[in-house]
Amino acid sequence: MENQELSQKVQELQGRVDKLEAKNSRLTMILFSGDFDKVMAAFIIANGALAMGKEVTMFVTFWGLDALKKPEMGTAGKNILEKMITWMRPKGPTQLPTSKMNFGGIGPKLFKYMMGKKNVEPVSSLMEMAMEFGLRIVACQMSMDVMGIKKEDLLDGIEFGGVAVFLSESYGSNTTLFV
Amino acid sequence: MENQELSQKVQELQGRVDKLEAKNSRLTMILFSGDFDKVMAAFIIANGALAMGKEVTMFVTFWGLDALKKPEMGTAGKNILEKMITWMRPKGPTQLPTSKMNFGGIGPKLFKYMMGKKNVEPVSSLMEMAMEFGLRIVACQMSMDVMGIKKEDLLDGIEFGGVAVFLSESYGSNTTLFV
Amino acid sequence: MENQELSQKVQELQGRVDKLEAKNSRLTMILFSGDFDKVMAAFIIANGALAMGKEVTMFVTFWGLDALKKPEMGTAGKNILEKMITWMRPKGPTQLPTSKMNFGGIGPKLFKYMMGKKNVEPVSSLMEMAMEFGLRIVACQMSMDVMGIKKEDLLDGIEFGGVAVFLSESYGSNTTLFV
């Protein structure tokens, strides 16, 4: 091979290796669960990665959407099933149940108390912190459609998209978690 | 270094980088859960990835096997515990419970109704679609042994294997999800 | 480009590609769940990967910590809430409930019986085996603090750390699972 040709190939390879290494600067999560403890775990990981300078994308779907709901979310313009789901599901991080030891809603309160005593931020603060540090939240459009959740029902400052958005983020990330 | 030697090294590197990049064309999932909503999420992701031209392998284990069962699955040749499990567990995608709001089986029916109204395919169609588009399903042989599930109890066109199959798939994939 | 310069660049690239390929020799898991079946799945995967010569790190957090507890774990020096949690939560692999078909604790016993009949190791043996084969277990310090779990309450031979440990392990691994 000619030296010049070789030099071109090496440069091309450098670009490709750069791209492969760049995956380490990104983290992708699917937040499927709406359980207090899992949402907390997801946002602790997100905050940790953001603090390490990573770009983090959280694709939020199904019950995970409960964590993004505004507490004042209403039922106007929803059909009867959508209204029922709105009434029955938690609205926002302070209403989420724990996956174990929920005890009719006392569990999350106990955890919050115990977390406060150990100076661990409550989930709502973890969420705010992450968004301030640049967390990209993408709410799953299809889940929203099925459950009758409108854009204005969810937190401001988030994006909306489908599984293709999640997959393309994931293909640029070294680590992808399903929570 | 000689120009020829250098040229060989560059070619070798190209092959290795090709292989690393090829991971982006594959996706691996473990489907551990047999909950309607999680099975649905897994197959929506699988279909999305297949539509983007990826090779997708789903390693199905534990409760996830419920989704692969034929509704007519029988109990012949099973011992008493295996019979009990066969009777008590859902058989196929139409019998799966939701992880939240199941309400004794009404939940999945409501979801199916709401999905239909928004033109979202039911789980059984998502599964068929994925398999037509080339999804590779590997049922966990060890889980089948423990729960007394026979090959003929599960969908046609799937493979059977152990954790080594999952791991080698995962090592060729950029993204691996535990659902 | 000069031949010498080129040669240097190729060597540098080799080092970077070596590092990217080395990710395939490592596997990272978060064990969030304390359910018998999920803990079992996590340790079967860990043992499989260890048998294939991989380095495996398991970051254990929230309910997953139940699996690491010594059965004789006491309540001395704990406050009233921490004592309550200690009393109510399972202590060690033999006390874990299954996520489905628990039937007040009969489920895990049935599974253990069925696993024994098919020569599948019980969870406690899977854990011991994995640790003998070099599994690195890191217990989440923050979860321990919140729930009042002390180092001496957990298995010997494990490490303690935070989300940063998990993230740095994950960035050196091709595959990371959230169980």
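For region B:54-80, taking the residues that are crowded, with 17+ Cβ neighbours inside 10 Å and among the basic types (Lys, Arg), the one that is nearest to A:Ser168 (Cα to Cα) is identified as B:Lys54.
Would you say A:Gly162 is on the phi > 0 side of the Ramachandran plot and either buried (at least 16 other Cβ atoms within 10 Å of the Cβ) or touching a residue at least 12 places away in the same chain (Cβ under 8 Å) (or both)? It is false that A:Gly162 is on the phi > 0 side of the Ramachandran plot and either buried (at least 16 other Cβ atoms within 10 Å of the Cβ) or touching a residue at least 12 places away in the same chain (Cβ under 8 Å) (or both). Look at (1) within 11 Å of chain A (Cβ to nearest Cβ); (2) out of contact with any helix residue (DSSP H, G or I) (no Cβ under 8 Å at 6 or more places or on another chain); (3) under 23 Å from B:Phe160 (Cβ atoms); (4) among the polar types (S, T, N, Q) and you find that B:Ser25 fails only one, number (3). The set of residues in region B:91-110 being in a helix (DSSP H, G or I) and without any contact (Cβ under 8 Å) to a residue 40 or more places away in the chain consists of B:Thr94, B:Gln95, B:Phe103, B:Gly104, B:Gly105, B:Ile106, B:Lys109, B:Leu110.
For A:Asn3, the criteria (1) under 23 Å from A:Met131 (Cβ atoms); (2) at the interface with chain C (Cβ under 9 Å from one of its Cβ atoms) hold in every case but one, which is (1).
The residue that is surrounded by the fewest Cβ atoms within 10 Å (Cβ to Cβ), among those in region B:13-36 that are closer than 19 Å to A:Gly172 by Cβ and free of Cβ contacts under 8 Å to residues at least 12 places away in the same chain, is B:Asp18. Pairs are defined by a Cβ separation below 7 Å, a sequence spacing of at least 6 or placement on different chains, a first member in region A:58-69 that is on the phi > 0 side of the Ramachandran plot, and a second member that is of a type outside the set (A, V, I, L, M) and at pLDDT 95 or above; the pairs so defined are A:Phe62/A:Phe32. For region C:29-61, filtered to residues that are of a type in the set (Ser, Thr, Tyr) and away from chain B (no Cβ under 11 Å), the residue that is nearest to B:Leu20 (Cα to Cα) is C:Thr57.
If you go through region B:111-121 and keep only what is surrounded by fewer than 18 Cβ atoms within 10 Å (Cβ to Cβ) and either farther than 19 Å from A:Phe32 by Cβ or touching a residue at least 24 places away in the same chain (Cβ under 8 Å) (or both), you end up with B:Tyr113, B:Gly116, B:Lys117, B:Asn119. On inspection, A:Met88 passes the criterion of being over 13 Å from the mean Cα position of the chain (by Cα), more than 19 Å from A:Met131 (Cβ to Cβ), free of Cβ contacts under 8 Å to residues at least 40 places away in the same chain and surrounded by fewer than 18 Cβ atoms within 10 Å (Cβ to Cβ).
The values are calculated or read from the model by the stated rules, or taken from the named source; none is laboratory data. Here the structure is a predicted model, which is why all the values come from computation and not from measurement. Cβ: placed from backbone, ideal geometry, glycine included. Neighbour counts: every protein chain shown.
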